[in-house]
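The values are calculated or read from the model by the stated rules, or taken from the named source; none is laboratory data. Just so it is clear, the structure is predicted and the values come from calculations on it, not from any experiment. For neighbour counting, all protein chains shown are included, and Cβ atoms are generated from backbone atoms with ideal geometry for every residue, glycine included. Surface areas here come from the heavy atoms of the whole protein model, side chains and all, with no ligands, DNA or RNA. Shrake-Rupley method; radii C 1.70, N 1.55, O 1.52, S 1.80 Å.
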Amino acid sequence: MALENVRALVFDVFGTVVDWRSSVMRELAAAGARHGVEADWGAFADAWRYEGYLGGIAKVNRGEWPFMTTDELHRRKLEELLPQYGLGGLSAEEREDLNRAWHRLDPWPDSVPGLWRLKQRFVISTLSNGNVALLVAMAKRAGLPWDCVLGADVLGAFKPKPEAYLAGARVLGLEPGQVMLVAAHKVDLRAAQAAGLRAAFIPRPKEAGPNVQPDLAPDPAFDINAADFLELARMLGV
């Protein structure tokens, strides 16, 4: 009965909707090829995300850094990584374009058709730590049919702070229990549940690369465990 009250599906984006690692590795390899540099682009992408993006968010949430957008967090780490991987000679224009690699992430094969199907019945929105400009650019390129784009810069907080989930529901004019977070990351889903949202787990086994072993097992604590967005739609009766 609780799921019958769900009016909106809000989505984690990086890893859940789009394949960040393969996309970023491709852009790094292209930049390396233009400059005659070969390197471990997977390691670069991992450090960029896990140390720069997720590590930066943790520092903001602990009050060690002031709030900054995901684009700013990415650029800060990029400047540190470029000389380590032989790309310290990139121009300012090249650096800015490479930082926008995160605006050009490819969706998983089921993402676009699944979102279109879910959109028939539910409001669909991002609920991402990305900033709105990044998420809009990504959606335009990838054809992601969001009804609404919510990022940390308009939510006023980074996940997993409860304020981020509650702000998402408030902006959509709904109670927390009328909103379901769809995510590939269990920490995100558990934080959403603690804030009163419903939770749907979508494992993405190819997200993290060979050096990270994510927990992909279904969890009965979540309202739904589905293989992908198309199965999620079927389970929700769309």
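Miscellaneous remarks
- Single condition Leu73 does not satisfy, out of (1) open to solvent by 20 Å² or more (accessible area, probe 1.4 Å); (2) farther than 30 Å from Gln178 by Cβ; (3) of a type outside the set (S, T, N, Q): (1)
- Phe67 passes every criterion in (1) surrounded by fewer than 17 Cβ atoms within 10 Å (Cβ to Cβ); (2) of a type in the set (A, V, I, L, M, F, W, C); (3) part of a helix (DSSP H, G or I) apart from (3).
- Enumeration of residues in segment 1-48 that are over 30 Å from Val171 (Cα atoms), in a loop (DSSP other than H, G, I, E, B) and of a type in the set (Val, Ile, Thr): Val37
- Among residues that are buried (at least 18 other Cβ atoms within 10 Å of the Cβ) and in a loop (DSSP other than H, G, I, E, B), Leu87 is included.
- Being open to solvent by 30 Å² or more (accessible area, probe 1.4 Å), under 25 Å from Lys206 (Cβ atoms), modelled with pLDDT under 95 and not aromatic (Phe, Trp, Tyr) holds for only one residue in Glu27, Glu51, and it is Glu51.
- Look at segment 88-102: where a residue is under 17 Å from Glu38 (Cα atoms) and a partner is assigned to a loop (DSSP other than H, G, I, E, B), sitting 6+ places away or on another chain with Cβ atoms under 8 Å, you get Gly89/His35; Leu90/His35; Leu98/Leu90.
- Apart from one condition, Val18 fits all of (1) in contact with a Gly (Cβ under 6 Å, 6 or more places away or on another chain); (2) surrounded by 22 or more Cβ atoms within 10 Å (Cβ to Cβ); the exception is (1).
- Single match in Val171, Val212, Val182, Val238 (criterion: at pLDDT below 95 and closer than 16 Å to Val123 by Cβ): Val238
- Scanning segment 210-226 for residues that are among the hydrophobic types (A, V, I, L, M, F, W, C) and farther than 16 Å from Asp19 by Cβ, we see that the one that is most open to solvent (accessible area, probe 1.4 Å) is Ala221.
- Selection within segment 210-238 - in a loop (DSSP other than H, G, I, E, B), within 17 Å of Phe14 (Cα to Cα) and either among the polar types (S, T, N, Q) or touching a Leu at 6+ places or on another chain (Cβ under 7 Å) (or both): Gln213
- Residues within segment 157-179 that are among the small types (Gly, Ala, Ser), in contact (Cβ under 8 Å) with a residue 24 or more places away in the chain and farther than 29 Å from Trp65 by Cα, tallied: 1
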